[in-house]
1. Residues that are in a strand (DSSP E or B) and closer than 24 Å to residue 49 by Cβ: does the range 89-99 have at least one?
2. In the range 100-122, what count of residues is obtained for those that are under 25 Å from residue 47 (Cα atoms) and not in a strand (DSSP E or B)?
3. Consider residue 3 against the criteria (1) touching a helix residue (DSSP H, G or I) at 6+ places or on another chain (Cβ under 9 Å); (2) at pLDDT 90 or above: it satisfies all of them except one. Which criterion is unmet?
4. Considering the range 93-118 alone, what residues qualify as being surrounded by 14 or more Cβ atoms within 10 Å (Cβ to Cβ) and modelled with pLDDT under 90?
């Protein structure tokens with residue numbers, strides 16, 4: 001049985017309407033979730049505390065406060081200028097007390113200072 005051109009066109013329109021009814025809400029939900037993800041990412045970046053100054057320092061390890069776990073440890077360091085601070089070490093080996101280290105002091109926009117051990121040596 002063959003359909004007339006008008007009925008065939010009408011049937012195609014009904015099929016496409018049904019397809020759109022099925023897929024448009026799914027695409028709208030996907031677009032809304034993607035927009036929410038972008039919004040939350042921008043919101044989080046707006047709260048970031050950017051680094052404004054970095055200085056290289058050297059000192060010696062006085063104690064290991066938190067032994068290595070997941071590839072990092074917290075060490076207590078006496079800097080060459082006499083200050084003492086705790087620093088994050090992501091070096092692959094444990095730093096024994098007395099070892100000389102080089103580190104960076106990062107000053108953030110909020111005024112916070114953070115210290116990272118960058119290497120072993122003078």
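1. yes
2. Within the range 100-122, residues that are under 25 Å from residue 47 (Cα atoms) and not in a strand (DSSP E or B) number 4.
3. (2)
4. Correct list: 95 only.
The values are calculated or read from the model by the stated rules, or taken from the named source; none is laboratory data. Here the structure is a predicted model, which means the values were calculated and not measured. We place every Cβ from the backbone using ideal geometry, glycine too, and count neighbours over all the protein chains shown.
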